[in-house]
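Structure, as structure tokens:
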Number of protein chains: 2
Amino acid sequence: MALPRAARTQRRTRIQEEKEERILEAALEVFSLHGFRGATVDQIAEVAGMSKPNLLYYFRTKEAMHRALITRVLDTWLDPLREFDAGGNPVSEIRSYIRRKLEMARDFPRESRLFANEILQGAPNIEDELKGPLKALVDEKAEVIRAWAKAGKIAKCDPYHLIFSIWSTTQHYADFDVQVRAVLGQDQAGDGRFEDAARFLEQLFVTGLGISEQPA
Amino acid sequence: MALPRAARTQRRTRIQEEKEERILEAALEVFSLHGFRGATVDQIAEVAGMSKPNLLYYFRTKEAMHRALITRVLDTWLDPLREFDAGGNPVSEIRSYIRRKLEMARDFPRESRLFANEILQGAPNIEDELKGPLKALVDEKAEVIRAWAKAGKIAKCDPYHLIFSIWSTTQHYADFDVQVRAVLGQDQAGDGRFEDAARFLEQLFVTGLGISEQPA
DNA sequence: TGTAATGTTTACCAATCGGTCAAATTATCA
DNA sequence: TGATAATTTGACCGATTGGTAAACATTACA
């Protein structure tokens with residue numbers, strides 16, 4: 001018989017570790033390319049190099065795979081924001097936050113697209129996590145930014161929309177990669193586009209948030 | 001017999017006009033919510049208030065509907081960029097471009113999500129249009145911006161990444177609406193968020209692009 | 001009004017989907 | 001080694017999918 005994942009009390013087998021990892025890797029590949037509905041279990045099984053029933057032995061449903069992936073991705077996706085340091089220098093904190101987010105868009109585009117897909121579909125599976133942990137974290141960091149602005153260390157601005165704009169500009173290079181490449185053309189679409197983007201965004205945000213005599 | 005759309009030489013019937021419009025409206029609703037693969041013809045037919053075979057009489061395949069929608073959306077989506085005036089005042093041109101894009105995100109979120117979905121999936125159906133007309137238009141406007149920078153009217157910056165950042169920040173409020181609402185919470189998630197966003201983005205870009213002594 | 005073109009519906013189909021089952025195989029360890 | 005638990009597979013199932021065929025109804029127009 002042997003019950004898979006769900007009803008286990010003992011610790012995981014070596015085989016379980018390996019296979020579950022292979023499956024999630026394959027699922028990330030397929031889900032990020034075709035979305036949840038567009039991905040098929042057969043596809044994932046093929047990419048993972050195993051039969052469909054074998055895959056379903058480890059994850060009982062397609063949704064279980066997706067849930068495992070989404071929660072994992074959401075967690076690591078927020079790491080850069082967690083590193084945001086209230087005690088640091090405002091400008092350099094924002095600058096390195098942008099840099100880290102851009103690096104994630106470059107190095108983990110599949111994770112970014114998986115997340116984007118989920119949000120686009122209305123986030124049916126992670127609405128609670130958005131309204132809970134995500135909101136809490138953003139609230140906390142927004143308060144830091146607001147304090148910086150109040151102290152005159154950066155320009156007065158809405159901290160939430162500042163965070164949104166950093167998210168959107170950086171993730172754009174992962175989620176809309178096809179469009180970016182199409183517009184830049186073959187010559188400019190090499191890996192240098194991330195350095196160009198970094199330079200531009202740094203200039204935009206640092207200058208845009210530099211101390212200035214904005215009215216309230 | 002009666003051949004639908006494809007093989008007609010005469011002008012369209014009144015019924016055809018009406019029905020095709022109703023179908024595309026329904027298709028936009030469903031496609032933007034669930035993506036291409038996630039949407040079903042039955043769903044679209046139900047939203048359009050007609051039977052599935054009747055719908056397929058006007059659009060022979062699901063893909064035909066999607067193609068008709070995508071090309072239409074891509075076209076109107078570029079309108080704000082077309083209005084970008086080389087002869088105008090640089091700062092106010094950029095400012096009103098941002099405003100127009102943000103208005104589109106507010107008033108036509110379904111169109112934005114449809115487009116985002118297509119790009120996320122690798123733009124299988126519109127790659128040519130991206131590399132062709134879209135790139136041409138962006139190239140043209142980028143040249144205008146570059147000239148402005150060269151003349152010292154705005155800060156020196158990469159015009160392509162400037163355009164990307166305007167696209168991403170504004171469309172974020174349509175495509176990631178669920179996330180934005182979740183983070184802002186019930187109190188702040190009213191329609192006022194678009195005005196707040198407009199104020200923030202205007203400040204960010206105008207200050208960020210203001211004349212400054214950036215090195216080359 | 002008659003009739004031909006246009007439009008609509010009912011019934012249906014083949015393909016694909018997520019998932020099951022029982023038998024066969026392999027790993028584990030006393 | 002032998003027995004027990006864990007893993008893998010091929011065959012299969014019901015539901016849903018995109019799309020079709022042909023009968024039926026309606027409209028346009030001479």
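Assorted remarks:
- Calculated [θ] (222 nm, deg cm²/dmol) that DSSP helices of n ≥ 4 give over chain A, each run adding -39,500 (n - 2.57): -23000 deg cm²/dmol
- The alpha carbon centroids of the stretch B:77-118 and the stretch A:82-110 are separated by 28 Å.
- Nearest beta carbon of chain A to the A-to-B rotation axis, with distance in whole angstrom: A:208, 2.
- Rounded to the nearest 10 degrees, the angle from helix B:192-209 to the longest Cα principal axis of chain B is 40 degrees.
- Gyration tensor (alpha-carbon) shape descriptor, the stretch A:84-175, a/c threshold 1.5: oblate
- Volume per residue that the Cα convex hull of the stretch A:1-138 spans, once the total is divided by residue count, Å³: 142 Å³
- The stretch A:78-209, relative contact order [Cα under 8 Å, separation at least 6], %: 37 percent
- Cα centroid separation - the stretch A:151-216 against the stretch A:8-71, whole Å: 35 Å
- What the phi angles of the stretch B:43-56 give under the Karplus curve with 6.51, -1.76 and 1.60, with θ = phi - 60°, is a coupling list of 4, 4, 4, 5, 4, 6, x, 8, 6, 4, x, 5, 4, 6 Hz, glycine and proline written as x.
- Partners of residue B:19 within straight-line reach, counting lysines whose Cα lies under 20 Å from its Cα and excluding those fewer than 8 residues away in the same chain: B:52, B:62.
- Gain on full extension, evaluated as 0.36 nm per residue between residue B:64 and residue B:136 minus their Cα-Cα distance, stands at 23.3 nm.
- Stokes-Einstein D for the stretch B:12-70, Kirkwood Rh over Cα pairs, 37 °C, 0.692 mPa s (µm²/s): 297 µm²/s
- Each copy carries a label point for residue B:150 at 7 Å from Cα along the beta-carbon vector; from one copy to the others these points are 4.8 nm apart, nearest first.
- Gained length - residue A:82 relative to residue A:103, 0.36 nm times residue gap less alpha-carbon distance: 6.0 nm
- Label spacing, shortest first and in nm, from residue B:195 to its equivalents in the remaining copies (7 angstrom along Cα→Cβ): 4.5
- For the protein assembly as shown, the gyration tensor built on C-alpha atoms gives an oblate shape. Its axis ratio a/c (a ≥ b ≥ c) is at least 1.5, and a/b is not larger than b/c.
- Between 0 and 90°, nearest 10: helix B:177-188 axis offset from chain B longest Cα axis: 70 degrees
- Accessible surface ranking that places the most exposed of B:91, A:47 first, with a 1.4 angstrom probe: A:47, B:91
- Copy-to-copy label distances for residue B:127, where each label lies 7 Å from Cα along Cα-to-Cβ, are 3.7 nm in order of increasing length.
- Averaging the sequence gap over all C-alpha pairs within less than 8 Å and six or more residues apart, then dividing by the number of residues, gives the stretch A:5-72 a relative contact order of 35 percent.
- Cα-based helix-to-principal-axis angle, B:62-77 vs chain B, degrees rounded to 10: 30 degrees
- Highest-MSF residue in chain A out of A:104, A:65, A:50 [GNM, Cα springs under 10 Å]: A:50
The values are calculated or read from the model by the stated rules, or taken from the named source; none is laboratory data. These numbers come from a predicted model, not from an experiment. Positions of Cβ are generated from backbone atoms using ideal geometry, with glycine treated the same way; all protein chains shown enter the neighbour counts. Surface areas here come from the heavy atoms of the whole protein model, side chains and all, with no ligands, DNA or RNA. Shrake-Rupley method; radii C 1.70, N 1.55, O 1.52, S 1.80 Å.
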